[in-house]
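S.K.: Here you go, one structure.
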Amino acid sequence: MVKKSRNGFVFLGVLILVALVPLIWDNYYFLSVLSTTGLYIILVTGLNVLLGYTGLVSLGQAGFYAIGAYASGLLVAKAGAPFVLGLLLAMLLSGVIGLIIGLSSVRLRGGYLAMVTLGFGTVVQIIMINWDDLTGGAEGIWGIPAVGFGQLKITTLLAWYYTIFSIAGLIVLLTYSLEKSRIGRAWMALREDVAAAQMMGINPVHYRLLAFVVSAVYSGIAGALFTHLNGSVFPDAFGLQTSIMILMMLILGGSGHILGPIMGAAIVNVGFEILRPFGNYQSLVFGFLIVLMAIFMPQGFMGLWRRLAPLWGEHSLKQASTDQTPG
Amino acid sequence: MKKLRKHSVTAICLSAVLLVCLGLGASHVWAQEKSPIKIGVVYSSSGSQAHTGLQEANVIKMLVDEVNAAGGINGHPVRAILENDDTQTEKSVNAAKKLVFSNKVHVLMGANTSSAIKAIQQQVTEPQKVPYISMVGSDPALTKLGQQWYFRNSLSADYQTGSIIDYAVNVQKLKTFAMIFDAASASDQAKAFEEGLKKAGITLVAKGQFKTGDTSFNAQLLKIKQTNPDALVTIGVAPEAAGVAKQVRDLGMNARIIGLVAIVYDEYIALGGSAVEGTIAASAFRADNPDPNVQAFVKKYKSKFNESPDHAAAQTYDALQVLFKALRDAKLGLTDDALAADRTQIRDALTRIKDYNGVVGHLSYGPKDRDAYDKTLVVEVKGGKWTVVKSAK
Amino acid sequence: MLTYILLGLTIGAIYALIAVGFSLIFETVKLLHFAQGELLMLGGFVALSLIGLFGLSPIIVGLGTMLAVGFFAAFLQRVVYQSVPPHLVAVRIMATLGVAIFLRNAASLTWGAKAKPMPEAFFPGGPIAIAGLTVRPGYYWTLIVSIAVMALLLWFLYRTKMGLATRTVAYRADIAEMMGVNPVLLCTLSFGIAGALAGISGLLVSPQTFVHFNMGIALNQKGFTAAVLGGLGSIPGGIIGGFLLGLIETIGGSMIASGYQDVISFVILVLVLFIRPQGLMGQVQREKL
């Protein structure tokens, strides 16, 4: 009970912050970084469902991101469809492909699954680059007309900022209710001990596939938002580096915790921009920090938070079970 | 007591996030200055185009220091603000946004791939009305879509293909052509070349593609070998092109290798060894050009940086000299309020640049298009060195 | 056809070296080392630097490279990877990815961003003509040296006490400990050996690929596929898998549209993992990784 209200308190705080920031700082560049952060919150929440809750490692989230982005972009640009349809197609397509890729999790675990998803992400990018006629090849698709809801078009960055964060907020709330529901508990049971879960009547195949579909759909939504935020889509943005970033954000923020993605996305996105003064050394320092994080903060920020919980007398049974184990 | 601790931890975390936001905001405040002329530069200091980006940055730093030592432009100091983009388009756009919005630069330069330049045009410089000069970038579309604020200080693929095709067909009498190209970064050049060939009445007998970073081309080359072409057009950057050349010779193919500006680097010869002998290519700049202007530039660059300048460096040199000229011409207010007006003034002053003799050649922004150069040399690898076989007339 | 086979075997030898390194690390340390390709890249650069210092002496440069990268890899295991909690799979993967990013950028800053060739005169001897192909010394030396190295490794693993200890640690670390073997030391040693393998393959592959900081990425993926094909954890499997993948890619690549070449290795990966996850020579997988 106490934990619920604490999470709620933080979430509300973040919402207020998000709403107020653009009114305090009228800086386009800053808004742009924050909008990208919003997209990543959605992407990382998707990975959180897969890895944090269900214990399935995926290095191919960028693949679903790309599918959603191109699906919506193509539908709107070539067929003149409205945004809502583009979004729906993005969700549908990435969901279906998520289901197919999810089938590999039936037989594979840990590093093997990671490799297959990595291959998947790479292949999606290769297809986007080579299927010139459909995707515009390496150049991508440009000049996609502004979208919106009916007559109301979203044309300014500020409008997109609020749109993205509204959708991100909804997704976080949805995920939270999933986490607390029977589905969430089934996922976490599968993460801990498959045999025990099966004995309790949880079908691993069903729930793993569900986790894949949910995370793929989230990524697809983020993809559609990406395309229309930029008015263009190109394969450059959907490489292995992106998938790695998503993983990084999740682990840094705290895998398995609902607020982990928010913390992780905020810290990494803003942090990377803060590293700019390093100039040539930016990526080097980035790599170094990832390694440091793996050694000293494997549980991420929310993990640190959880460890502090005994400080205020809360001994939640959940404590023991939120460590990650392979599975 | 316990409740207090709990809330204080929450408060601490929220404050951390707040502090980060403050930091960003503060850096925005610090970045504002009153009287200097600010040039923003997006370049690749890491990633696949790093070798180009670093040379550009060298020249910019060298010339900005020079002009400041001589008292600036009309008395105002010049400040160059450089941002790395790791040769990734998304980062290029972010860097451009930062320079334009946070640093409030008067003019933007750079980006090392056509995709990045296009992205910056579409998302930053055209809507925000900022004059933008790029020193590389060959995609013809960069100046063909009605861009109002962009100046291309390099050779469009359209201009690169004319003289080399003419030379290949009429001087070397090559009849059958095959092509292998980098689909990830040079498909615009490949298209332009193919169209150029069509205009000369020639259709490709075989086409293969690879992507940047590939090292093995045997599969594509074996297929091409079956059609036994006189010439193989290799479109990509130097390392891959050199790899192709080596593997072409290994497979026993005798085709003449033809390339565009992107392969005319000493690197191509260093990497390709004996296999690249006889390659012909279109070129913009040659460091051994006896023209005294060129030699002065080459000497200056070599003495400062211990390496020979390539065409990215040369194009940057010309771009900056021309920009300085425009800056001297323009009436600049150089206050925060005058930013938009200043940018317009600079853009207009740039459009007046005609008939400038740069180290790369004859430079003009207009009247036909915003392409600085439209003529190329043809060079050939002879005795392990790039030699001019046809000059740019 | 002979052309394809020769080419396939040459690139296959490189894949084999990477695959063996992967398998060795996986078996002993239970880690999927995503930075293996970067160790190969390091090997290439170290070799170039050694050539700069000692001239074109193949033995010194070759051994020097193996030792340098080997020690560095051992250092990585001891200092970095061992410090990451072993049961957190995702975090360990992330650590290797961080190392990969760090090494790539460090290489670019130390040795420059341009691709560098291996001096043509480094590999002694002249080109041989077979089946319409000009086989340059770099290629046939790759085959000779890699086969020699793999033979050496197999001898070490199956004919020496140390090798037996390594294999025991891989099989059951607790049994090994009971027999008086120090698992930590042996894991470090395995990493060192894997590093040496990566180092020499970096030197060998550079006639084909040139040395540059990005050279490890694609080879990493191919090496892993080869390891899985042969059976992750099996050294002989890695060798066979490597050569097999090289052949399939070269022959298959000539039949399909060239842009999609890399899809071949992905398809192979998926097929193997679904149909026969233990690969050609591995043991049937236990549930836990």
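A short reminder: the numbers here are calculations on the coordinates, not readings from a lab. None of these values were measured; they are calculated from a predicted model. When we count neighbours, we look across all protein chains shown, and the Cβ atoms used for this are built from the backbone with ideal geometry, even at glycine.
S.K.: Can you give the extra length, in nm with one decimal, that the chain gains between B:Lys129 and B:His362 once fully stretched, where that is 0.36 nm per residue apart less the Cα-Cα distance? Intermediate results must be reported in sequence, preceding the final value.
M.R.: Working: separation 233, 0.36 × 233 = 83.88 nm, distance 2.72 nm.
Taking 0.36 nm per residue and subtracting the Cα distance, the gain is 81.2 nm.
S.K.: What FRET efficiency would be calculated for the residue pair B:Asp266, C:Leu154, taking the C-beta separation as r and a Förster radius of 45 Å, to the nearest 0.05?
M.R.: Values: r = 44 Å, r/R0 = 0.97.
Efficiency at R0 = 45 Å is approximately 0.55.
S.K.: Mind checking the dipole of the range B:169-270: about its Cα centre, +1 per Lys or Arg Cβ, -1 per Asp or Glu Cβ, Debye to the nearest 20?
M.R.: Values: 12 positive and 10 negative charges, 97 e Å.
Computed about the Cα centre, the dipole is about 460 debye.
S.K.: Over all directions, average the projected area of the Cα convex hull of chain A and note it in nm². Show your work: numbers first, answer last.
M.R.: Details: hull surface 69.3 nm².
Approximately 17.3 nm², given one-decimal rounding.
S.K.: Tell me the label-point distance for the pair B:Asp166, B:Asp230, using the 7 Å Cα-to-Cβ offset, in nm and rounded to one decimal.
M.R.: Result: 1.8 nm between the two label points.
S.K.: Compute the angle between helix B:157-166 and the longest alpha-carbon principal axis of chain B, please, reported from 0 to 90 degrees and rounded to the nearest 10.
M.R.: 20 degrees
S.K.: Counting pairs of Cα atoms in chain C, how many percent are more than 37 Å apart? Intermediate values should be presented prior to the final figure.
M.R.: Working: 4317 of 41616 pairs.
Value for chain C: 10 percent of Cα pairs lie more than 37 Å apart.
S.K.: Per residue of chain B, what 222 nm ellipticity follows from adding -39500 (n - 2.57) for every DSSP H run with n ≥ 4, rounded to the nearest 500? Walk me through the intermediate numbers first.
M.R.: Values: 12 runs with 162 residues, N = 393.
One gets -13000 deg cm²/dmol as the mean residue ellipticity at 222 nm.
S.K.: With both partners inside chain B, how many of the DSSP beta bridges are antiparallel, as a percent to the nearest 5? Could you put the intermediate results ahead of the total?
M.R.: Details: 12 of 44 bridges.
Antiparallel bridges make up about 25 percent of those DSSP assigns within chain B.
S.K.: Could you tell me which of the pairs B:Lys191/B:Lys211; B:Lys129/B:Lys304; B:Lys199/C:Lys114 are separated by over 27 angstrom between their Cα atoms in the structure shown? Each step should come with its number before you reach the end.
M.R.: Working: B:Lys191/B:Lys211 16 Å; B:Lys129/B:Lys304 35 Å; B:Lys199/C:Lys114 36 Å.
With Cα atoms farther than 27 Å apart: B:Lys129/B:Lys304; B:Lys199/C:Lys114.
S.K.: Distance in nm between label sites at A:Leu158 and B:Asp337, each 7 Å beyond Cα in the beta-carbon direction?
M.R.: Result: 2.2 nm between the two label points.
S.K.: FRET efficiency for C:Ile59 and C:Ile175, Cβ-Cβ distance as r, R0 = 30 Å, nearest 0.05? Intermediate results must be reported in sequence, preceding the final value.
M.R.: On the way: r = 39 Å, r/R0 = 1.29.
For C:Ile59 and C:Ile175, the calculated efficiency is 0.20.
S.K.: Here's another thing I want to ask about it. What percent antiparallel are the DSSP beta bridges of the protein assembly as shown, to the nearest 5?
M.R.: Antiparallel: roughly 35 percent of the beta bridges in the protein assembly as shown.
S.K.: Mind checking the angle between helix A:2-24 and chain A's longest principal axis? C-alpha axes, 0 to 90 degrees, to the nearest 10.
M.R.: 20 degrees
S.K.: Just for the Cα atoms in the range B:130-253, what are the lengths along the principal axes, largest first, rounded to whole Å?
M.R.: 52, 33, 19
S.K.: If you don't mind, there's one more thing I want to ask. Along the charge dipole of the protein assembly as shown, pointing to its positive end and built from +1/-1 on Cβ of Lys, Arg, Asp and Glu, which listed residue (B:Ser154, A:Leu56, B:Thr203) has its Cα farthest out?
M.R.: Value computed over the given set: A:Leu56.
S.K.: Enumerate the whole-percent occupancy of each 10 Å bin, from 0 to the last occupied one, for all C-alpha pair distances of the range C:175-285.
M.R.: Here the calculated profile for the range C:175-285 is 13, 35, 34, 14, 4, 1.
S.K.: Separate question: Scan the range B:126-155 for trypsin sites (Lys or Arg not before Pro) in coil per DSSP, keeping those whose Cβ has at most 10 other Cβ atoms within 10 Å, and list them by number.
M.R.: Working: sites: B:Lys129, B:Lys144, B:Arg152; in loops: B:Lys129, B:Lys144.
In loop regions of the range B:126-155 (DSSP not H, G, I, E or B), there are no sparsely surrounded trypsin sites (Lys or Arg not before Pro).
S.K.: Just the projected area, averaged over all directions, of the convex hull on the alpha carbon atoms of the protein assembly as shown: how many nm²?
M.R.: Numbers: hull surface 163.6 nm².
Result: 40.9 nm².
S.K.: Pick out, in residue order, every one of the trypsin sites (Lys or Arg not before Pro) in the range C:140-205 that is DSSP loop and has at most 13 other C-beta atoms within 10 Å; say none if there are none.
M.R.: Details: sites: C:Arg159, C:Lys161, C:Arg167, C:Arg172; in loops: C:Arg172.
Loop-located and lightly packed - C:Arg172.
S.K.: Considering only the other residues whose Cβ falls under 14 Å of the Cβ of A:Pro145, what net charge follows from Lys and Arg at +1 and Asp and Glu at -1?
M.R.: Values: positive: A:Lys78, A:Lys153; negative: none.
Charge balance near A:Pro145 sits at +2.
S.K.: Along the three principal axes, how long is the range A:190-279 when you take its alpha carbons, biggest first, rounded to the nearest angstrom?
M.R.: 54, 28, 21
S.K.: Please give the FRET efficiency for C:Glu120 paired with B:Arg328, using the beta carbon to beta carbon distance and R0 = 60 Å, rounded to the nearest 0.05.
M.R.: On the way: r = 51 Å, r/R0 = 0.85.
Approximately 0.75, to the nearest 0.05.
S.K.: Please report, for the Cα atoms of chain B, the Rg to one decimal and the Dmax as a whole number; what are they, in angstrom?
M.R.: Computed over the Cα atoms of chain B, radius of gyration and Dmax are 23.5, 91 Å.
S.K.: For labels at A:Leu170 and C:Met162 in the simple 7 Å Cα→Cβ model, what's the distance in nm?
M.R.: With each label placed 7 Å out from Cα toward Cβ, I get 6.3 nm.
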